[in-house]
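First up is the structure itself, then whatever we jot down about it.
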Amino acid sequence: MAAPKFENPIVRWIDYRLPVFTFMHHEMHEYPTPKNLNYWWNFGSLAGFMLIVMILTGIMLAMHYTPHVDHAFDSVERIRRDVPFGWLIQFIHMNGASFFFILVYIHIFRGLYYGSYKSPREILWILGVVILLLMMATAFMGYVLPWGQMSFWGATVITNLFSAIPLVGEHIVSWLWGGFAVDNATLNRFYSLHYLLPFVIVGVVVLHVVALHTHGSNNPLGIELRGKQDSIPFHPYYTIKDMFGLGLFLTIFCLFVFFAPDYLGHPDNYVPANPLVTPPHIVPEWYFLPFFAILRAIPDKLLGVVAMFAAIAVLFILPWLDRSPVRSARFRPIYKQVFWLLVLDCLVLGYIGSQPAEGWYIHIGRLATIYYFAHFFVILPLLSVFERPRPLPLSIGEPVLGGGSSPPAGGGGAGAMERA
Amino acid sequence: MAATADGAGGDGVTRRDFLEYAAGGMGAVGAAAAGWALIDNMNPAADVLALSTTEVDLEAIEPGQSITVVWQKKPVFVRRRTEAEIRDAEDTPLDSLPDPMADTDRVQKAEWLILVGVCTHLGCIPLGQKDTDEKGEYGGWFCPCHGSHYDTSGRIRKGPAPENLPVPPYRFLDDTRILIG
Amino acid sequence: MRNRLIGAALAAALGLAVLPGAASAAGAGPQPPEREWSFNGIFGSFDRAALQRGYQVYREVCAACHGMRLMFYRNLTQIGLSEAAAKAEAANAFVVDGPDSEGEMFERPGKLSDRFVSPFPNDNAAKAANGGALPPDLSLIAKNQAAGPDYIAAVLTGYADPPEGMEMGETQSYNMYFSGHRISMPPPLFDDLVEYADGTPATVEQMAVDVSHFLMFAAEPQLEDRHRLGVKVVIFLLVLTGLLYALKRKVWSDLH
């Protein structure tokens, strides 16, 4: 990659002293990208876009919001009613949180399916899990800010999780609260952290992208690039593909923002927080439901909390649980099946999390929880040993094996996928 | 890079150019519209605008007395002037004023002087509303920050302030009520 | 293949999206019957006549016990009242203001910039006057009930004799759609309780529907702006996305 020649003398002058343009040219223009990425690879850039949207709308909302238990609820309503375009910005922010999680969850499952966490991308993956954790903390604290019933009781329940810690649990909880209950001090610190953490996420995203660009994107075949014929420059091919994906995403997002802004929320959050009355049926936002189900599946308070955090923590060690040398599920016949079982399991957990903890729901929740952990701790290590992967293509350019070896069964799918 | 992408032949290039300009133009319009929503978001909200007028009941104000009302978060001086004060203001020769303006152009009814009570120098509130206040050398108002003297028409007479105290837009709803703003 | 992928993505997104709906439906009593509302749908807007009738019902009936602290008198111009009429409505209310120069609070006629005056000075006074039950503030009731305006209309028309064997408290009434069926609000509406200025017959059903319409407006006064802007934005995005798709095809065509 020779240094690019810039025509504009000002650009040249600056670039000679601070090579930002060379950097951008290298990382965004000529950056060699596998030519067979399918649309599942759109979700990373979409998530990045959503992060910017959330920060921009959040900064605007912060200009109107009042972090005080007596005024928070009304100040949010004032934003919706009286502030110019306040309703729009508030609904974008509120629904944006949900859609940010949709994008990131799809992005994660894409990584799971195509083995994007495997060497040499383990740190890339771990940084992604860190981003997920930061997002969860940010989303949780943001949900508290409107100070509705669900805000308040969500905050109470989640902070009480820490009381499960032996010996110091109670002290940690009152430290988190800054008082005897969730109150003004809690609201203020959550506001402070809710404003801070997104910028921490930006920092980790930068590292995530640096790690990505070190070895380049994985691809649907999960094999290394064999040469120039396997890659295409990021611009214009993937810039335009990302833009098209963005247009499609924004259309769906706007349908929710403009025509069903409360669909993903809970009506109880339109009731101001009342510390003396708990709503009959507390549920977290949908994106926490699977973890909520795992928490409730275990009858012991401490173990439930441990299991819930372990459900995310297991992702940190995933690269070492799955030892199969083959990345893409396309060439792993059994893994492909258990991948979809895991997707189904997460959906079941999400559904269970939304239901009251009674009757059959408890048993299904427990089975689904056991399966979730079995997937990572039992099935994946066993598959690494016993699964016989299909033969891999030699290169992206020639997805079908040369030299007369048998092509992968159903390999037509791979060929079609490549053009997708 | 562009060379490989553009190499589709003459017809393809024009079609692609068109698509690029159309999509790029629409994208720019969309981004600008979204940007406008963010900018407009910082303008005064409906509840603030609803307070942009202030109604004042004049009935209880005696001649020689002043009251201060709040209009758009700023103090407004409402003064019922005495005959002597009116005469002072009207008889002042215009060429002795730093910011010449006739008293008759500053009031709707000579008895009632309505002023935004913010010194035109650097935004302090001049003294002179209370009987006990220093009213300055010209019997109107005196700004303690940097010593500006205003007369009984609220005109600057001495000191660093460049302009007279401004007269807010107002109208008489009836003989005893005015609407400021 | 491409279509299948996009389809799968949408299905996944929507599959997740269905969950909270399921959550809020769980454990509710009988579902309020669904009614036709002019504000539903992507082109939906409020019916100004219904809003004004609904406001009349609120003011003459509900406002005896229920406040609406998020509503301002200036909002009345949005339901089609002239500014003079809205001012007159405001002036009918007594707003506590002050302290005056003697340090006393005083009452003055309301202004457009005032909030709707609540019937009780605070929640405890409201409870004391209502046998211990707190009449909820109605500003957001159309949003904080899952079925929204359908629920309000259903409760207002859902009074009946309790089923045999059901013990009712002294101040309680049986209501088919209220959670637990024991409601502390006595049946608030009777035929011809109000006299509509536009001559519409004031049946219980009519008043219930009108006030629900008004309460939906109160919960989201900017709903019409949202629908109007939304139609424009979505059409814009569809065209832009179409252009981007064509451009994407064009750019990628030389690879194959």
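Nothing in this text is a laboratory measurement; each read-out follows from the coordinates by a stated rule. Predicted model only: the values in this text are computed from it and were never measured. For neighbour counting, all protein chains shown are included, and Cβ atoms are generated from backbone atoms with ideal geometry for every residue, glycine included.
Mean per-residue shielding of peptide B:29-38 is 4, counting Cβ atoms of other chains within 10 Å of each Cβ. Quotient of the Cα radius of gyration of the protein assembly as shown and 2.2 N^0.38 Å, N being its number of residues: 1.18.
Basic side chains Lys and Arg get +1 at the Cβ, acidic Asp and Glu get -1 at the Cβ, and with that the dipole of the range C:112-241 about its Cα centre reaches some 700 debye. On a 0 to 90 degree scale, rounded to 10, what angle separates helix A:122-144 from the longest Cα axis of chain A? So the helix axis and the longest Cα principal axis differ by about 20 degrees.
Under a model in which nothing but the beta-carbon of Lys, Arg (+1) and Asp, Glu (-1) is charged, the protein assembly as shown shows a dipole of about 4860 debye around its Cα centre. Each Lys or Arg adds one and each Asp or Glu takes one away; over the other residues whose Cβ falls under 13 Å from the Cβ of A:F73, this sums to 0. Ranking B:V107, B:Q129, B:V76 by Cα position along the charge dipole of the range B:1-141, where only Lys, Arg, Asp and Glu carry charges on their C-beta atoms, puts B:V76 farthest toward the positive end. Helical runs (DSSP H, four residues minimum) scored at -39500 (n - 2.57) apiece and divided by the length of chain A put the mean residue ellipticity at 222 nm at -20000 deg cm²/dmol.
Counting only other chain Cβ atoms within 10 Å of each residue's Cβ, the peptide A:271-283 averages 2. In this rough spin-label picture, where each label sits 7 Å from Cα along the Cβ direction, the C:V231-A:V306 distance is 5.9 nm.
Of the peptides C:82-90, C:137-145, the ranking by mean beta-carbon count within 10 Å, highest at the top, reads C:137-145, C:82-90.
The charge dipole of chain A, taken about its Cα centre with unit charges on the Cβ of Lys, Arg, Asp and Glu (plus for the first two, minus for the last two), comes to roughly 1180 debye. Take the Cα of A:R388, go 7 Å toward its beta carbon, and the backbone nitrogen atoms of the range A:322-346 under 20 Å from that spot belong to A:323-338. All C-alpha to C-alpha distances of chain C, sorted into 5 Å bins beginning at zero, yield P(r) values of 1, 5, 9, 13, 15, 14, 11, 8, 7, 5, 4, 3, 2, 1, 1, 0, 0, 0 percent in whole numbers. Computed from label points 7 Å out along Cα-Cβ, the spacing between A:F180 and A:L341 is 5.2 nm. The long axis of helix C:223-253 is offset from the longest Cα principal axis of chain C by roughly 10 degrees.
Normalised by the residues of chain B, what does the relative contact order come to in percent, with Cα pairs under 8 Å and at least six apart? Relative contact order comes out at 18 percent. Taking a ≥ b ≥ c as the square roots of the eigenvalues of the Cα gyration tensor of chain A, is the shape rounded (a/c under 1.5), prolate (a/b larger than b/c) or oblate? Oblate is the answer for chain A, as a/c is 1.5 or above yet b/c matches or exceeds a/b.
May I ask which of B:K74/C:K111; A:K241/C:K143; A:K228/C:K248; A:K5/C:K250; B:K74/C:K232; B:K109/C:K111 have a Cα-Cα span longer than 29 Å here?
Long pairs (Cα-Cα over 29 Å): A:K241/C:K143; B:K74/C:K232.
Projecting the Cα positions of A:Y105, A:H26, A:P325 onto the charge dipole of chain A (unit charges on Cβ atoms of Lys, Arg, Asp and Glu, taken about the Cα centre) puts A:P325 furthest along the positive direction.
Work out how much length B:T104 to B:H146 would gain on full extension: take 0.36 nm times their residue separation and subtract the Cα-Cα distance, in nm to one decimal.
Contour length minus Cα-Cα distance gives 12.3 nm.
Neighbours of C:A93, meaning other residues whose beta-carbon lies under 15 angstrom from its beta-carbon, give a summed charge of +2 when Lys and Arg score +1 and Asp and Glu score -1.
Positive-end ranking of C:A125, A:F180, B:I178 along the dipole of the protein assembly as shown, with charges on Cβ about the Cα centre, is headed by A:F180.
Applying 1/(1 + (r/R0)^6) with r as the Cβ-Cβ distance of A:F199 and B:K73 and R0 = 41 angstrom yields a FRET efficiency of 0.80.
Taking R0 as 60 Å, what FRET efficiency do you get between B:A28 and C:D191 from their Cβ-Cβ distance, rounded to the nearest 0.05?
Numbers: r = 60 Å, r/R0 = 0.99.
Efficiency at R0 = 60 Å is approximately 0.50.
For a test of the definition: using alpha carbon positions, the gyration tensor, and the 1.5 limit on a/c, classify the range A:295-395 as rounded, prolate or oblate. Here the range A:295-395 falls in the prolate category.
Each Cα pair under 8 Å and six or more residues apart adds its separation to the average, and for the range A:35-282 the resulting relative contact order is 31 percent. Per-residue ellipticity at 222 nm computed for chain B from its helices equals -8500 deg cm²/dmol, with DSSP H segments shorter than 4 residues left out and the rest contributing -39,500 (n - 2.57). Compute the angle between helix C:148-157 and the longest alpha-carbon principal axis of chain C, please, reported from 0 to 90 degrees and rounded to the nearest 10. Relative to chain C, helix C:148-157 is tipped by roughly 40 degrees.
Please work out whether the range A:10-55 counts as rounded, prolate or oblate from its C-alpha gyration tensor, where a ≥ b ≥ c are the square roots of the eigenvalues and a/c under 1.5 means rounded, while otherwise a/b larger than b/c means prolate and anything else oblate? It comes out oblate by the Cα gyration axes.
Among A:8-20, A:355-367, how do they line up from the highest to the lowest mean number of other beta-carbon atoms within 10 Å?
Result, highest mean Cβ count within 10 Å first: A:355-367, A:8-20.
At an R0 of 60 angstrom, the distance between the Cβ atoms of B:E62 and A:I172 translates into a FRET efficiency of 0.35.
I want the local charge near A:I240. Using Cβ-Cβ distances under 11 Å, sum +1 for each Lys or Arg and -1 for each Asp or Glu among the other residues.
Here the count lands on +3.
The peptide list A:252-258, A:227-233, A:157-163, put in order of mean Cβ contacts within 10 Å with the highest first, becomes A:252-258, A:157-163, A:227-233.
Shielding of peptide C:225-236 by partners, expressed as the average count of other chain Cβ atoms within 10 Å per residue Cβ, is 5.
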